[in-house]
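Student: Here it is, the structure in full.
The values are calculated or read from the model by the stated rules, or taken from the named source; none is laboratory data. These numbers come from a predicted model, not from an experiment. No Cβ is skipped: glycine too gets one built from the backbone with ideal geometry, and neighbour counts run over all protein chains shown.
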């Protein structure tokens, strides 16, 4: 699988997890979406990805280059429910770093 596709899938899974953790996305729906990806053979855990896993600093650097970043402020697309996403401007980079650190620690 192309690394870009792996990154996009990992981002989706992290988005679902972040939405559930922030009480934006029901845990059951997050698990259902992630289970569907796993059922069709797609990676759903960092351990499932091929190649070297970037460091937190590298991930934060890549996130900062996203086209939705404006004047250094992070903007994410988050999920409230399957099929219902929204734009979240002004996402706190420290919260993102903490979230990624926790997720990568539990690979």
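Student: If residue 51 meets every condition in (1) in contact with a helix residue (DSSP H, G or I) (Cβ under 8 Å, 6 or more places away or on another chain); (2) closer than 28 Å to residue 29 by Cα apart from one, which number is that one?
Tutor: If we test residue 51 against (1) in contact with a helix residue (DSSP H, G or I) (Cβ under 8 Å, 6 or more places away or on another chain); (2) closer than 28 Å to residue 29 by Cα, just (2) comes out false.
Student: Name the single residue that is farthest from residue 59 (Cα to Cα) among those in region 82-107 being more than 15 Å from the chain's Cα centre (by Cα) and assigned to a strand (DSSP E or B).
Tutor: Filtering first and then ranking leaves 84.
Student: Do the conditions hold for residue 18, that is, is it within 15 Å of the chain's Cα centre (by Cα), under 19 Å from residue 105 (Cα atoms) and at pLDDT below 80?
Tutor: yes
For (1) exposed (fewer than 12 other Cβ atoms within 10 Å of the Cβ); (2) in contact with a strand residue (DSSP E or B) (Cβ under 9 Å, 6 or more places away or on another chain), each residue gets a yes or a no:
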site	(1), (2)
62	yes, no
73	no, yes
77	no, yes
90	yes, yes
96	no, yes
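Student: Taking region 38-69 on its own, how many of its residues are part of a helix (DSSP H, G or I), in contact (Cβ under 8 Å) with a residue 12 or more places away in the chain and more than 19 Å from residue 101 (Cβ to Cβ)?
Tutor: Residues flagged as part of a helix (DSSP H, G or I), in contact (Cβ under 8 Å) with a residue 12 or more places away in the chain and more than 19 Å from residue 101 (Cβ to Cβ) within region 38-69 amount to 0.
Student: Restricting to region 38-52, what's the tally of residues that are surrounded by 13 or more Cβ atoms within 10 Å (Cβ to Cβ) and more than 14 Å from the chain's Cα centre (by Cα)?
Tutor: 3
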